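Here's the structure, in structure tokens; my notes come after.
The values are calculated or read from the model by the stated rules, or taken from the named source; none is laboratory data. Computed from a predicted structure; not experimentally measured. Backbone-built Cβ (ideal geometry, glycine too); neighbour counts: all protein chains shown.
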Amino acid sequence: MSSHQPTHTGHELSRARSHEGDRGDRPAVPSADSLAQQLKSLRFPAQKADILSCAQREHLDHRLTERLQRLPEQPYQDFADVSRGLGQLR
């Protein structure tokens, strides 16, 4: 007599952890490399207005543009700086 025991493949745990580190309904922060690909014409140092102008020129996704609008008014030295700024938004 054998009882049927479900076989765990490990995918269950992977799937459960695939959202680990997510911040609820907050979207993921784009990497510096991703921002560089999307904001090709942006030159540094840049102010928030420069970033927003570039986002408009590059026809960036409206969700990302809305997040960029919430960046603090400060100079940004590179794409990593912009990515960090986005990561600090709530």
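In table form, for the structure just shown:
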quantity: Filter result for residue 45 (over 19 Å from the mean Cα position of the chain (by Cα) and at pLDDT below 95); calculated: no
quantity: Tally of residues being touching a Pro at 6+ places or on another chain (Cβ under 8 Å) and among the β-branched types (Val, Ile, Thr) across region 32-58; calculated: 0
quantity: Identity of the residue in region 41-82, small (Gly, Ala, Ser) and outside any helix (DSSP H, G or I), that ends up surrounded by the most Cβ atoms within 10 Å (Cβ to Cβ); calculated: 46
quantity: Total residues in region 14-39, condition outside any loop (DSSP other than H, G, I, E, B) and either at pLDDT below 95 or hydroxyl-bearing (Ser, Thr, Tyr) (or both); calculated: 7
quantity: Hits in region 62-80 (condition: touching a residue at least 12 places away in the same chain (Cβ under 8 Å) and under 15 Å from the mean Cα position of the chain (by Cα)); calculated: 63, 64, 65, 67, 68, 69, 70, 71, 79, 80
